[in-house]
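To keep things clear, I will list the structure first and then write my remarks on it.
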Amino acid sequence: MAGHAVKRIDEMEATWGGAFKLARAELGVEAFGLQVMDLPPNLDQFPEHDHVESGQQEVYVVMSGSGEIEIDGERHPIDPETIAMVGPEAKRTFFTGSEPLRILAIGGTPGKAYEAPDSSQLGAPDPLAQA
């Protein structure tokens, strides 16, 4: 494992049609999940999901743009001055306004070593290409 890594986000391998940059894998991070989500303007169909099965908590840091995160049916505005943590049981989804939204997503399971899902590995098939 290298002692450091530096890479431009727009040069990182992406999945989900280019929306999810595989930052964890690109940087060689093994201790926690890490990805950059580039969400287009006027997005209103981001898949609602939770992490009950894995027990993973997620922290979302807006890097640019603004929008809303909906957690268990309650919408909260998000922008570069806002950080959100969502526990594994809570359902979450995102909505964007008239501009794109770039979010850094950080995840891990309390009390457990991080195990990267196969879909977050470099070279993994894009789930949208399989649909």
Identity of the residue in the range 86-131, outside any loop (DSSP other than H, G, I, E, B) and among the β-branched types (Val, Ile, Thr), that ends up farthest from residue 19 (Cα to Cα): 86
Filter the range 5-43 for residues that are among the hydrophobic types (A, V, I, L, M, F, W, C), out of contact with any strand residue (DSSP E or B) (no Cβ under 6 Å at 6 or more places or on another chain) and surrounded by fewer than 18 Cβ atoms within 10 Å (Cβ to Cβ) and give the result. 5, 6, 16, 27, 29, 31
Just need a number here: residues in the range 91-112 that are surrounded by fewer than 17 Cβ atoms within 10 Å (Cβ to Cβ), touching a residue at least 40 places away in the same chain (Cβ under 8 Å) and among the small types (Gly, Ala, Ser). 2
Does residue 20 count as in contact with a Ser or Thr (Cβ under 6 Å, 6 or more places away or on another chain), on the phi < 0 side of the Ramachandran plot and not charged (D, E, K, R)? no
Please work out which one of (1) on the phi > 0 side of the Ramachandran plot; (2) modelled with pLDDT under 95; (3) surrounded by 14 or more Cβ atoms within 10 Å (Cβ to Cβ) is the condition residue 65 fails and give its number. (2)
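The values are calculated or read from the model by the stated rules, or taken from the named source; none is laboratory data. The model shown is predicted, which means the values in this text are computed figures rather than measured ones. Cβ atoms come from the backbone with ideal geometry, glycine included; neighbour counts cover every protein chain shown.
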